[in-house]
Amino acid sequence: MSSETENPPKHIAIIMDGNGRWAKSRNLPRWKGHEAGAESVREVIDACIEANVQYLTLYAFSTENWNRPKPEVTALMKLLEKFLVSHTSDLQKNNVKLQAIGRLKDLTQGPMNALSKTISETKNNTKLNLILALSYGSREEIVDAVNNIIKLTKEGNLDNTELTTSSFEKHLYTSNIPDPDLLIRTSGEMRISNFLLWQISYSEIFISEKLWPDFNKNDLFEAIDSYNKRDRRYGEV
Ligand code: IPE
Ligand code: IPE
Ligand code: MG
């Protein structure tokens, strides 16, 4: 058994970045980069299954990504729908349970329907929890949580005792998901871009120089090996 399958992180979160640059370097339109990126998604899901990772969160579309040119946004939504329709049977076969986090009501009808269908069809699967962050922004998530707490309090459905970190995080989209142990960002960028700000407080960070469409199984295993060499101290000695 290789080291990455012996002691894997329980939860890996990935900022999948660099699709546009991958396409540009080949003189292709940006959407071709997103299309190629979908292949990496498939490969990384397989690698996580092989390595016994229990949760994989993929940042697929941020709240800020709505500000991209309309044809690119449309292409991304179409690719998302296509991915869900064509991969649901594989997810089923591989015992993968799909979930989604973000302001999902902002998604267009086609991908939203495909998403609901795949989530419902895979809901009893147990091998890997795959979480897609869609129309996701971490600041938006925190504000949504606060607004939910205000609403529940007004309705008398929340007692008035002071919030704690653990009672607060029950209102985040990720309430049923443990915090990521390992955060990966591809394309060499060293920023968080509004991703899981609360949840990555103590995640280990791995930056890969590879553009997302070039990121493969071995790159994931390399990230896991690096994680396994870290000393997580949580502020202690
Ligand atoms: C990541 O690749 C995919 C999304 C953000 C949807 P980019 O599209 O950001 O690619 P670059 O960063 O422009 O190369
Ligand atoms: C982050 O990548 C969002 C996703 C990967 C979905 P971006 O390419 O949107 O982030 P910035 O613009 O480089 O910060
Ligand atoms: Mg980018």
### Task
Write out the GluC sites (Glu not before Pro) in region 158-237 meeting two conditions: DSSP loop, and at most 16 other Cβ atoms within 10 Å of their Cβ.
E162, E189, E209, E236
### Task
Note the per residue figure in Å³ for the convex hull of the C-alpha positions in the chain.
141
### Message
Considering only protein heavy atoms and a probe of 1.4 Å, how much of the accessible area of the chain is carbon and sulfur, as a whole percent?
### Response
51
### Task
Report, please, the projected area of region 80-171 averaged over directions, based on the convex hull of its C-alpha atoms, in nm².
7.3
### Message
Past 28 Å, Cα to Cα: identify those pairs from K93/K217; K97/K217; K78/K170; K70/K170, in the order given.
### Response
K78/K170; K70/K170
### Task
Once you've got the Cα coordinates, tell me which of K32/K229; K32/K210; K10/K123 are over 28 Å apart.
K32/K229
### Message
How charged is the neighbourhood of T63? Take every other residue with its Cβ under 9 Å from the Cβ of T63, and add Lys/Arg as +1 and Asp/Glu as -1.
### Response
-1
### Message
Quick check: convex hull over the Cα atoms of region 124-237, volume per residue in Å³, rounded to an integer?
### Response
163
### Task
Note down the relative contact order for the chain as a percent, whole number, built from C-alpha pairs under 8 angstrom at least six residues apart.
29
### Message
Just to be sure I understand: with springs between alpha-carbon atoms less than 10 Å apart, which residue in N94, N157, N125 has the highest mean-square fluctuation in the Gaussian network model of the chain?
### Response
N157
### Summary
In order over region 52-61: 3J(HN,Hα) from phi, Karplus 6.51/-1.76/1.60, θ = phi - 60°, whole Hz, x for each Gly or Pro, gives 6, 6, 8, 10, 10, 10, 10, 7, 9, 7
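The values are calculated or read from the model by the stated rules, or taken from the named source; none is laboratory data. Quick caveat, the model's predicted, so the values are computed rather than measured. Positions of Cβ are generated from backbone atoms using ideal geometry, with glycine treated the same way; all protein chains shown enter the neighbour counts. Accessible surface is based on the protein model in full, side chains and every heavy atom, while ligands, DNA and RNA are left aside. Shrake-Rupley method; radii C 1.70, N 1.55, O 1.52, S 1.80 Å.
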